[in-house]
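The values are calculated or read from the model by the stated rules, or taken from the named source; none is laboratory data. Fair warning: this is a prediction, and the values are worked out from it, not measured in the lab. Calculation scope for accessible area: heavy atoms of the full protein, side chains included, ligands and nucleic acids excluded. Shrake-Rupley method; radii C 1.70, N 1.55, O 1.52, S 1.80 Å.
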Amino acid sequence: GLYSVSLDALNSYNTKGKAKLASREHDTHVQMIHGDFLKLRTKDWRDADVVFMNSTCFDETLMGKVAHLAAGMKKGSFFITMTKRLPSSEFEILEYEMYRMSWGEATVFVSQKTTECNEDVEEVSDDEEKLPIEDGPDDEPEVEEENEEDD
């Protein structure tokens, strides 16, 4: 399945990709985990410097739960989402741009944590109702769609 494909990609990066980057000063650690993103016992990802989430098909409830957990990330860390921005005022959108994907076009949002780590953030249980969605900045980015011209 998809997890085994991710492990193949990671192996290729570790054996071929890193060799092309031999002159860099620091090593890069990439880890693939097969589990529930919301269950911190699977992996507490909040200590990461960069988190990528392909959130194109995530609903409002799931985005709210992820934003709740992301409040536990350290100040200055990055959260990259696709199609939907992270609904949190604790992150500033630094950049957003539409890219062509295999399924169509999607906007990539690069956000940075602007507040200190909230160490009191706990995992949300499956029994809890929808978390309130926290509004981000009032100036919601406008995404311009590219028009394709016929050749």
* Asked: Which value, in Å² and to the nearest 10, is the accessible area of GLU95 when all protein chains are kept and the probe is 1.4 Å?
  -> 100
* Asked: Which distance in Å, rounded to a whole number, links the C-alpha centroids of the range 25-63 and the range 2-21?
  -> 18
* **lysines whose Cα lies under 24 Å from that of LYS75, excluding same-chain neighbours fewer than 8 positions away** => LYS39, LYS43, LYS65, LYS84, LYS113
* Structure fact -> Ratio for the range 9-103, C-alpha Rg to 2.2 N^0.38 Å, reads 1.23
